[in-house]
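The values are calculated or read from the model by the stated rules, or taken from the named source; none is laboratory data. Computed from a predicted structure; not experimentally measured. Here the Cβ positions follow ideal geometry from the backbone for every residue, glycine too, while neighbour counts run over all protein chains shown.
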Amino acid sequence: MREPLSYLELHMHDDTCQVRAYMLGEGDEPLRFHAGFSQRDIDAGWKQVMATDARGLTAADIEQEKAKVIESHRRYWKELAERNEGRVVCNGIHYTMHELGKGIGFGGQAFLVRWLDADKSPTRCNLSYQGRVPAWMRGVLPDNAASIQDKGRH
């Protein structure tokens, strides 16, 4: 008889880069609300980042998976920080701007970006969303836009 499928779910806190592991109970579905993850966790800054078959996993395997999650998260934000072209950060949210008609974010909506630098003219563009800048990257990726206005279909 086959061993029943069980899942290990990893949760990450973006600002602290903490990762915690939760072994799902019988009947729990991975990457959904359950006894180990609720709206309260989301409100506290946690997110579900992966679920994997837990059969045969050792404590060392779990620690290795947690380390991979942290490394991937850090690499993602460091790569965004290295690419300055097209960066828009407004209210701590990171976007990348694209020429009108070339970006696919937000269904191709047009936006007007007003910059914090008063010498820079507002820019009409498409935007794609990368996420809220984690606390540990805010010094590297500070706001550069005062506002973003949705201009609808272009």
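Please determine whether any residue of region 91-100 is within 19 Å of residue 13 (Cα to Cα) and either touching a helix residue (DSSP H, G or I) at 6+ places or on another chain (Cβ under 7 Å) or β-branched (Val, Ile, Thr) (or both).
Yes, region 91-100 contains at least one residue that is within 19 Å of residue 13 (Cα to Cα) and either touching a helix residue (DSSP H, G or I) at 6+ places or on another chain (Cβ under 7 Å) or β-branched (Val, Ile, Thr) (or both).
In the set 39, 48, 64, 109, which member is of a type in the set (S, T, N, Q), surrounded by 13 or more Cβ atoms within 10 Å (Cβ to Cβ) and under 24 Å from residue 16 (Cβ atoms)?
From the options 39, 48, 64, 109, the qualifying one is 48.
Taking the condition surrounded by 13 or more Cβ atoms within 10 Å (Cβ to Cβ), in a strand (DSSP E or B), touching a residue at least 24 places away in the same chain (Cβ under 8 Å) and in the same structural domain as residue 138 (by TED's automatic domain parsing), does residue 97 pass?
On the way: surrounded by 13 or more Cβ atoms within 10 Å (Cβ to Cβ): yes; in a strand (DSSP E or B): yes; touching a residue at least 24 places away in the same chain (Cβ under 8 Å): yes; in the same structural domain as residue 138 (by TED's automatic domain parsing): yes.
Yes; evaluated as a whole, the condition is true for this residue.
Considering only residues of region 46-68 that are of a type in the set (Gly, Ala, Ser) and at pLDDT below 95, which is farthest from the chain's Cα centre (by Cα)?
56
Could you check region 112-143 and list, in sequence order, the residues that are of a type in the set (Val, Ile, Thr) and crowded, with 18+ Cβ neighbours inside 10 Å? Even if it seems obvious, please write down each step before you answer.
We begin by selecting, within region 112-143, every residue of a type in the set (Val, Ile, Thr); these are 113, 123, 133, 140.
Within region 112-143, 113, 133 meet the criteria.
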